[in-house]
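Presented below is the structure to which this report refers.
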Amino acid sequence: MSAPTIPVEPVESKPVQQPGDRVFAGLAQAAGIVILLVLAGVAAFLIIQAIPALFAPPEELPGGQNVIVYVAPLVFGTLLSSFIALLIATPLAVAVALFITHFAPRRLAQGLGYLIDLLAAVPSIVFGLWGVGVLAPASLGVMTWLHDYLGWIPLFAGPVSATGRTMLVVGVTLAVMILPIVTAVSREVFLQTPRLHEEAALALGATRWEMIRMAVLPFGRSGIISGAMLGLGRALGETMAVAIILSGSGAITFNLISSNNPSSIAANIALQFPDSTGVAVNLLIASGLVLFIITLAVNSLARYIVNRRREFSGAN
């Protein structure tokens, strides 16, 4: 009788880490730490410089107002203009990305993709000049029509601005500025849709639009959200285009077609900083701290939404 054999468990060999891998891992970790340090340094600078304005009596601040009264119209104008831009740019960007990836011929899609990406390289001051010189005068007829037929809505209550330099024009200009960002991200996500999902939908008798609705859009939803949040971050921090187009009055109003408009935080800092001294500079930095917090909150929310849908493949 032969002796019983004892099963031997296979020994898992750990992969040997090459020196290049260790160097690359160390550099990547160092880069992440540097980014965190820079972010912490910016936050510390803003907080330290904003403290004198936060605790200064109102009579020492510009206009005799406290920090909340001063910053509130700027926050409102920043959020309103960015929301208008996002509302216009997101569906348009998704439509352009779908056309490039699923409808246009290959040569046309390639050229159109380059053209959309080229918009991201245009300086913001050029968009501001375009908004003042072209878009504002051209929008007077549209704003008059909105006031005549939709004036019962607070958004179009009027009176219509004689120059066309309104919050509506700013929102449209910002929408054109963030369009290439949202389009580029959405396009790349749509191209990564599993081919089998698209072919399965078409094989079951779905039309091209039904295939896009059932396979492409669910798969790219997190990418669309990421692109929209990146565009929103660009719109929140935009300076020159808003400063050129808009003449802020410090009012909080939803009226989009009148000349009585709130400014944005970034544009107000750019316009007021050269002539400010003392505690007025600290007040501008305090408003910059508010913008920093808003941007950080928006990016954190976007990351949370994307992480929740990271494992979603579009097939379930």
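With a simple spin-label model that places each label point 7 Å from the Cα along the Cα-to-Cβ direction, the separation between residue 221 and residue 296 comes to 3.0 nm.
Among 185, 132, 122, which one shows the highest mean-square fluctuation when the chain is modelled as a Gaussian network with alpha-carbon springs under 10 Å? Greatest mean-square fluctuation among the candidates belongs to 122. A P(r) calculated from all alpha carbon pairs of the stretch 23-112, with 5 Å bins opening at zero, reads 2, 10, 9, 9, 9, 10, 12, 14, 10, 7, 5, 3, 1 percent. Of the DSSP H helices in the chain, those that are both long (alpha-carbon extent of 18 Å or more along the helix axis) and hydrophobic (Kyte-Doolittle mean at least -0.5) are 19-54, 67-98, 106-119, 167-191, 221-236, 279-308.
Decide, for the stretch 35-171, between rounded, prolate and oblate: order the square roots of the alpha carbon gyration tensor eigenvalues as a ≥ b ≥ c, take rounded if a/c falls under 1.5, and otherwise choose prolate if a/b is larger than b/c, else oblate.
Numbers: a/c = 2.68, a/b = 1.34, b/c = 2.00.
Judged from the Cα gyration tensor, the stretch 35-171 comes out oblate (a/c at least 1.5, b/c at or above a/b).
Of the chymotrypsin sites (Phe, Trp or Tyr not before Pro) found in the stretch 49-99, those in coil by DSSP whose Cβ has at most 13 other Cβ atoms within 10 Å are 55.
The Kirkwood hydrodynamic radius of the chain, based on inverse pair distances between different Cα atoms, is 23.1 Å. Put a plus charge on the Cβ of each Lys and Arg, a minus charge on the Cβ of each Asp and Glu, and nothing anywhere else: the dipole of the stretch 23-308 about its Cα centre is then about 780 debye. Note that the stretch 118-234 shows a convex hull volume over its alpha carbon atoms of 148 Å³ per residue.
Summarising the label geometry, the points placed 7 Å from Cα in the beta-carbon direction at residue 55 and residue 114 lie 5.9 nm from one another. In this rough spin-label picture, where each label sits 7 Å from Cα along the Cβ direction, the residue 104-residue 249 distance is 4.1 nm. May I ask you to derive the FRET efficiency for residue 281 and residue 208 from their Cβ-Cβ distance with R0 = 51 Å, giving the value to the nearest 0.05? That gives a FRET efficiency of 0.35.
In the chain, which longest range has no GluC sites (Glu not before Pro) that are both DSSP loop (not H, G, I, E or B) and surrounded by at most 13 other Cβ atoms within 10 Å?
It works out to 13-310.
So what is the relative contact order for the stretch 23-308, in percent, with contacts set as C-alpha pairs under 8 Å and at least six apart?
On the way: 383 pairs, mean separation 86.2, N = 286.
Relative contact order for the stretch 23-308 comes out at 30 percent.
Show log10 I(q)/I(0) for the stretch 212-316 at q = 0.10 Å⁻¹, two decimals, from a solvent-free Debye sum over equal Cα scatterers. Evaluating at q = 0.10 Å⁻¹ gives log10 I(q)/I(0) of -0.44.
Restricting the trypsin sites (Lys or Arg not before Pro) of the stretch 188-268 to loop positions (DSSP other than H, G, I, E, B) with no more than 16 neighbouring Cβ atoms within 10 Å leaves nothing.
Please list log₁₀ I(q)/I(0) at q = 0.13, 0.18, 0.20, 0.21 Å⁻¹ for the stretch 191-274, using the Debye equation with identical point scatterers on the alpha-carbon positions. So the normalised log intensities work out to -0.62, -0.78, -0.89, -0.94. In the chain, helical runs assigned H by DSSP with n ≥ 4 each contribute -39500 (n - 2.57); averaged across all residues and rounded to the nearest 500, the mean residue ellipticity at 222 nm is -21000 deg cm²/dmol.
Read-outs: derived from the displayed coordinates by stated rules, not from any lab. A quick note: this is a predicted structure, and the numbers were derived from the prediction, not measured. Using ideal geometry, Cβ is built from the backbone for each residue, glycine included, and neighbour counts are taken over all protein chains shown.
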